[in-house]
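Engineer: This is the structure I have questions about; it appears just below.
The values are calculated or read from the model by the stated rules, or taken from the named source; none is laboratory data. It should be emphasised that the depicted structure is a prediction, and the values quoted were computed from it without experimental measurement. Methodologically, a virtual Cβ is constructed for each residue, glycine included, from the backbone with ideal geometry; neighbour enumeration extends over all protein chains shown.
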């Protein structure tokens, strides 16, 4: 496995966060970007300069999209990702712009949530996602890049089916164990039995199963939730996984508390790795 990395959102305090991450002992990071206004060569050059300054390897670019966002079971299915047809074309452009930005940084792996992919493979939105994934993966393959789907909003078997149906050899998975729990879609250790061979990137995040039908489960600091990290890390070892594992922390907390809990989670995971 690569040394433990960290997921960093590219925003106004990017250099401050990058400097702290380096000081804390991280040597690689997954960049995450939601501001579509950053997707240009000048901003990419700025970020590239900072990565070189702090000697941080960027292992992937997690690209968001414009428009409404709601991480829940009530509104999420109708507005998230490239599943809703009214957003599919414009968000595909966002993802391709993100891929071009990633190329300026020398990043091969472009990552996102697809949205709530339908379980029914005959659903028009399922076949629509298959079609647009064929287009996206073809565009990225021509540039030597991969497209990674993050786990969570659908069971692992749906992502496996998508990979089978799209038939692109550059379509992979960014595996988030906490998301699978928080969306109530899988035990993350067992989920690796279904899609482990396609996992190219991993989020280290902790959480719990949902307790009602409208809100996701709760995220916890690493080692404090329901993800069985000793078994999870061992399962990755059994699969001979050699890609990045990036600590992702999305709990709303003050900067100092957040940084302390990330550092504690880093120490905990490194003992397992």
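Engineer: Within segment 28-59, can you find the residues that are touching a helix residue (DSSP H, G or I) at 6+ places or on another chain (Cβ under 6 Å), assigned to a helix (DSSP H, G or I) and either at pLDDT below 95 or under 26 Å from residue 2 (Cβ atoms) (or both)?
Structural biologist: 44, 50
Engineer: Does any residue of segment 192-199 turn out to be free of Cβ contacts under 8 Å to residues at least 24 places away in the same chain, more than 28 Å from residue 96 (Cβ to Cβ) and outside any strand (DSSP E or B)?
Structural biologist: yes
Engineer: While we're here: Only one of (1) under 17 Å from residue 35 (Cα atoms); (2) out of contact with any helix residue (DSSP H, G or I) (no Cβ under 6 Å at 6 or more places or on another chain); (3) crowded, with 23+ Cβ neighbours inside 10 Å is not met by residue 153, so which one is it?
Structural biologist: Looking at each condition in turn, residue 153 falls short on (1).
Engineer: Also, I was wondering about something else. When segment 70-104 is examined, which residues are found to be without any contact (Cβ under 8 Å) to a residue 24 or more places away in the chain and closer than 21 Å to residue 47 by Cβ?
Structural biologist: 93
Engineer: Quick check on this structure: which one of 111, 107 is touching a residue at least 60 places away in the same chain (Cβ under 8 Å), under 28 Å from residue 233 (Cα atoms) and assigned to a strand (DSSP E or B)?
Structural biologist: Checking each option against the conditions leaves just 111.
Engineer: Here are some residues: 168, 178. Which one is outside any helix (DSSP H, G or I) and either modelled with pLDDT of 95 or more or closer than 22 Å to residue 147 by Cα (or both)?
Structural biologist: So the residue among 168, 178 that is outside any helix (DSSP H, G or I) and either modelled with pLDDT of 95 or more or closer than 22 Å to residue 147 by Cα (or both) is 168.
Engineer: Within segment 60-80, take every residue that is touching a helix residue (DSSP H, G or I) at 6+ places or on another chain (Cβ under 7 Å) and buried (at least 19 other Cβ atoms within 10 Å of the Cβ) and give me the one that is farthest from residue 140 (Cα to Cα).
Structural biologist: Here the residue is 65.
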